[in-house]
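Notes follow once the structure below has been shown.
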Amino acid sequence: MQKEIQDWEAKVVLLTNEIDRLRLLLQKRDEEIQQWQLKCQKLEQLLQELNILREKNRVLNLEIDRLTQENTELETENCQLKQQMVNINDLQVRINDLLMLCVQLFTEIECLRSRVVQSKKQVEEMRRSSLAAFRI
């Protein structure tokens, strides 16, 4: 009987050791589960942040598309305005040329008027002198 008790005590010691080992293993597994739960929470948080960033990215891409379109329109308008400026500059050069021509023509007209007045005076002088011979 003593032998049986010793066998049972040995079995109890073995089982106690096994229980302790299993408790330690269970405790480690619980810690691993907690770590995985924390990782899972962090991943869920990161996933939410990713979704928020994707939405922001979508909105920003829409804004980029809108601004690109606006930029294209402004570039087109800028080209048109540049062409208008070229046309205006061409017209300004033409106006300046015409103003110079007008000044030249007015000068020539004044010169011709002066010559006409001079010629009228000469004609009047000649008329007086030819009439003066008949009056004497």
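Since every read-out is calculated from the coordinates, none of them should be taken as a lab result. This one's a predicted model, so the numbers in the text were calculated from it and none came from an experiment. FYI the Cβ positions are ideal-geometry reconstructions off the backbone, even for glycines, and counts take in every protein chain you see.
For the chain, give the magnitude of the charge dipole about the Cα centre (Cβ charges: +1 Lys/Arg, -1 Asp/Glu; no others), in debye to the nearest 20.
That gives a dipole near 1560 debye.
Label points 7 Å out from Cα along the Cβ direction at residue 109 and residue 54: separation in nm?
With each label placed 7 Å out from Cα toward Cβ, I get 8.1 nm.
Could you tell me which of 95, 83, 17 has its Cα farthest along the dipole of the stretch 1-100 towards the positive end, charges placed at Cβ (Lys, Arg +1; Asp, Glu -1), taken about the Cα centre?
So the residue furthest toward the plus end is 17.
Round to the nearest 0.05 the FRET efficiency obtained for residue 21 and residue 43 when R0 = 25 Å and r is the Cβ-Cβ distance. Show your work: numbers first, answer last.
Details: r = 32 Å, r/R0 = 1.29.
Rounded to the nearest 0.05, the efficiency is 0.20.
Can you give me the distance in nm between label points at residue 61 and residue 97, each placed 7 Å from the Cα along the Cα-to-Cβ direction?
Between residue 61 and residue 97, the label points sit 5.6 nm apart.
Only Lys, Arg, Asp and Glu count, each charged at its Cβ (+1, +1, -1, -1), so figure out the dipole size of the stretch 89-136 about its Cα centre, rounded to 20 debye. Don't skip to the end; give the middle numbers.
Details: 8 positive and 6 negative charges, 108 e Å.
Computed charge dipole of the stretch 89-136: roughly 520 debye.
Taking the Cα centre of the stretch 1-61 as origin and charging only Cβ (+1 Lys, Arg; -1 Asp, Glu), how large is the dipole, in debye to the nearest 20? Could you put the intermediate results ahead of the total?
Numbers: 11 positive and 11 negative charges, 96 e Å.
Taking the Cα centre of the stretch 1-61 as origin, the dipole is about 460 debye.
Among the aspartates and glutamates, select those whose C-alpha is under 19 Å from the C-alpha of residue 11, and discard any that sit fewer than 8 residues away in the same chain.
Within the straight-line limit of under 19 Å, residue 11 reaches these aspartates and glutamates: 20.
Label points 7 Å out from Cα along the Cβ direction at residue 89 and residue 72: separation in nm?
2.9
Among 130, 43, 69, flag the residue with its Cα farthest along the positive direction of the charge dipole of the chain, charges on Cβ as +1 for Lys/Arg and -1 for Asp/Glu.
Among 130, 43, 69, the one farthest towards the positive end of the dipole of the chain is 130.
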